Number of protein chains: 2
Amino acid sequence: MRIEDEIKQPTFRDEYQKAIINLVYTTGWLQLRQATAFKTFGLTLPQFNILRILRGQHPLPATVALLIDRMLDKTSNASRIVDRLEEKKLVTRTVCPANRRAVDIRITPAGLELLKTIEDSGLMEKNGTQFLTPDEARQLNALLDKIRTEDGDGATLHQPSCE
Amino acid sequence: MRIEDEIKQPTFRDEYQKAIINLVYTTGWLQLRQATAFKTFGLTLPQFNILRILRGQHPLPATVALLIDRMLDKTSNASRIVDRLEEKKLVTRTVCPANRRAVDIRITPAGLELLKTIEDSGLMEKNGTQFLTPDEARQLNALLDKIRTEDGDGATLHQPSCE
DNA sequence: TGCAAATTTATGTACATACATTTAATGTTG
DNA sequence: CAACATTAAATGTATGTACATAAATTTGCA
């Protein structure tokens, strides 16, 4: 369904403004669907992502600093997400012996098992991108990368400078 | 910069998984930049969006139900966003005389002036899409619309059914 | 009319985000 | 070594999201 119909706004200033709205709306749509699915396993999306980072380290521990470095959203509060996972016995927290400022965080067997259950459920594949061809997925990746162009100074602009 | 480098993950299962991560990451990147800019005007993104809907209605009032209908995120809590705008004297709330269950919400002159100040600042145009050509913006819109295909039953899939 | 159902908004709770501040441990330097 | 800076994590506060529930009003129908 076209974004115009989804949000009942028949016209946009231009394709650029429409693209912004469409990005925010589509990502929200996608995350809502994923969050709903994860809820049946008692996890939120950030909790799931932290759990996967911890499995990537397993059997080595991770520190909060490492989690922040690997997280998609750097500004979120890893400490409190780990709190929730610890309450559910999916991770453990122990003071790092080598540096008592740091905390070693490890995924538990229960955590590993939960990840496997979720991944075996096929939940992760139902995310909307299955409606794209492989070439379209590549195009989408290229366009998104281009949006995040850093504009230190005058990178090639395609919008008229007057508005 | 490629998403692989942004999040320091050299490989993905496939272009589909990469596209999902890229969507979430790029939208977060975009919203963080926009939110930071709006903060200099004392507004959050949801507050700004509500304010624009109210201007669209002006001088007629809107109800909370209308705001929810027009909002990008239907499940967020319009009541409390209006609370914040009311505290800042950017909107008014009065019980609707015709239906005392409903509440008439109106943008104030200060609210209209703030919107104009923000829009005149050119803040809204610096959102990343200026690095796309008009044709690329159109492509992006088409791809995003395709992701939100409703799969009542077997819409055309492009991923192998086995995994 | 009278009472149940529906509607409209507000409130409560759990979690997350964004950012400032605090606490504790470690490094550094005079 | 003592004073100060730096680092790592936790905590505090304001806001927003997601969802359940409450409160007030209106509607509809027996």
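The values are calculated or read from the model by the stated rules, or taken from the named source; none is laboratory data. A quick note: this is a predicted structure, and the numbers were derived from the prediction, not measured. As a convention, Cβ positions derive from the backbone with ideal geometry for all residues, glycine included, and neighbour counts pool all protein chains shown.
Quick one: count up the residues across the range A:87-110 that are touching a Ser or Thr at 6+ places or on another chain (Cβ under 9 Å) and more than 11 Å from DNA strand C (Cβ to nearest atom). Count: 9.
Tally the residues that are of a type in the set (Ser, Thr, Tyr) and away from every other protein chain (no Cβ under 14 Å), restricting the search to the range A:91-134.
Filtering the range A:91-134 for residues of a type in the set (Ser, Thr, Tyr) gives A:92, A:94, A:108, A:117, A:121, A:129, A:133.
Filter once more, keeping what is away from every other protein chain (no Cβ under 14 Å): A:92, A:94, A:108, A:117.
Number of matching residues: 4.
Any idea how many residues of the range B:34-62 are of a type in the set (D, E, K, R) and away from DNA strand D (no atom under 16 Å from the Cβ)? Adding up the residues that qualify gives 1.
Does B:Arg33 fit the bill of being in contact (Cβ under 8 Å) with a residue 60 or more places away in the chain and in the same structural domain as B:Lys89 (by TED's automatic domain parsing)? Criteria not met by B:Arg33.
Tell me which residues, restricted to the range A:9-36, are part of a loop (DSSP other than H, G, I, E, B) and of a type outside the set (S, T, N, Q). Walk me through it before giving the result.
Taking the range A:9-36 as the starting set, the residues that turn out to be part of a loop (DSSP other than H, G, I, E, B) are A:9-14.
Selection gives A:Pro10, A:Phe12, A:Arg13, A:Asp14.
So, in the range B:74-86, of the ones that are near DNA strand C (Cβ under 10 Å from one of its atoms) and of a type in the set (A, V, I, L, M), which residue ends up farthest from the other protein chains (Cβ to nearest Cβ)? Of everything passing the filter in the range B:74-86, B:Val82 is farthest from the other protein chains (Cβ to nearest Cβ). Number of residues in the range A:47-73 that are more than 11 Å from every other protein chain (Cβ to nearest Cβ) and within 12 Å of DNA strand C (Cβ to nearest atom): the value is 7. Going by the structure shown, is A:Thr75 in contact with an Asp or Glu (Cβ under 8 Å, 6 or more places away or on another chain), more than 9 Å from DNA strand D (Cβ to nearest atom) and of a type outside the set (A, V, I, L, M)? So A:Thr75 does not fit the description; no.
Which count do you get for residues in the range B:13-42 that are under 14 Å from the mean Cα position of the chain (by Cα) and away from chain A (no Cβ under 13 Å)? Spell out the reasoning first.
Taking the range B:13-42 as the starting set, the residues that turn out to be under 14 Å from the mean Cα position of the chain (by Cα) are B:24, B:26-35, B:38.
Now restrict to residues that are away from chain A (no Cβ under 13 Å): B:38.
Qualifying residue count, the range B:13-42: 1.
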